[in-house]
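Following: one structure in structure tokens, then a few remarks.
The values are calculated or read from the model by the stated rules, or taken from the named source; none is laboratory data. Fair warning: this is a prediction, and the values are worked out from it, not measured in the lab. Methodologically, a virtual Cβ is constructed for each residue, glycine included, from the backbone with ideal geometry; neighbour enumeration extends over all protein chains shown. Note: accessible area is taken over every heavy atom of the protein model, side chains too, but ligands, DNA and RNA are not part of it. Shrake-Rupley method; radii C 1.70, N 1.55, O 1.52, S 1.80 Å.
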Amino acid sequence: MRRLVIGMLVVAIALDVAYWTIWSARRDWIASEHTQAYYDFENAFPLADLWLGVACVLALVTLVRRRPSALLWLIAVGAAGLYLGSMDLLYDLEHGIFGKGGGGAFEAVIVAVTWVFSITVLRFAWTRRTELLAGSG
């Protein structure tokens with residue numbers, strides 16, 4: 001399970017960087033809507049996603065190095081992911097995004113992956129908190 005979480009953290013970091021790179025360079029590739037309100041909503045996320053990315057990097061480094069602080073960073077990652085996933089989910093439901101073709105499907109995947117990732121990381125961290133705090137396992 002440790003290897004799975006390490007892999008998930010690496011993928012999360014890569015996806016975060018890829019998403020914001022594409023959003024900045026070719027927004028039309030991933031935008032689910034092309035309204036100013038949608039752009040304003042998405043443009044509110046970079047700082048929060050940067051925090052999630054930094055937390056993922058710190059969780060990855062501390063987990064690989066078997067540092068007790070891995071528990072803190074894994075919980076930070078899971079909590080930040082659930083918060084961001086909840087923001088996305090509510091906006092998408094309120095604005096009917098999921099029913100808007102490929103862009104809506106893409107948003108649904110983002111929300112689902114964010115929730116599965118976050119819950120998996122939190123469950124891993126909490127059920128292994130003793131060994132994580134000991135720097136073992």
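Computed quantities for the displayed model
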| item | result |
| --- | --- |
| Yes/no for GLY78 being assigned to a helix (DSSP H, G or I) and either β-branched (Val, Ile, Thr) or open to solvent by less than 20 Å² (accessible area, probe 1.4 Å) (or both) | yes |
| Region 41-69: number of residues that are surrounded by fewer than 19 Cβ atoms within 10 Å (Cβ to Cβ) and among the polar types (S, T, N, Q) | 2 |
| Matching residues in region 51-69 - criterion: being outside any loop (DSSP other than H, G, I, E, B) and in contact (Cβ under 8 Å) with a residue 24 or more places away in the chain | TRP51, LEU52, GLY53, ALA55, CYS56, VAL57, ALA59, LEU60, LEU63, VAL64 |
| Output for region 20-56, where each listed residue is under 24 Å from LEU4 (Cα atoms), of a type in the set (A, V, I, L, M) and out of contact with any Leu (no Cβ under 8 Å at 6 or more places or on another chain) | LEU50, VAL54, ALA55 |
| Residue list for region 1-27, restricted to those being open to solvent by 60 Å² or more (accessible area, probe 1.4 Å), under 30 Å from LEU72 (Cβ atoms) and either touching a strand residue (DSSP E or B) at 6+ places or on another chain (Cβ under 9 Å) or not aliphatic (A, V, I, L, M) (or both) | ARG3, THR21 |
| Filter result for THR21 (over 19 Å from GLY104 (Cα atoms), without any contact (Cβ under 8 Å) to a residue 40 or more places away in the chain and β-branched (Val, Ile, Thr)) | yes |
| Candidate set from region 28-40 (those that are open to solvent by 90 Å² or more (accessible area, probe 1.4 Å) and touching a helix residue (DSSP H, G or I) at 6+ places or on another chain (Cβ under 8 Å)); member that is farthest from TYR91 (Cα to Cα) | TRP29 |
| Selection count where residues are among the β-branched types (Val, Ile, Thr) and at pLDDT below 95, scope region 115-137 | 1 |
| Residue match in region 81-94 (condition: farther than 28 Å from GLY135 by Cα and among the small types (Gly, Ala, Ser)) | yes |
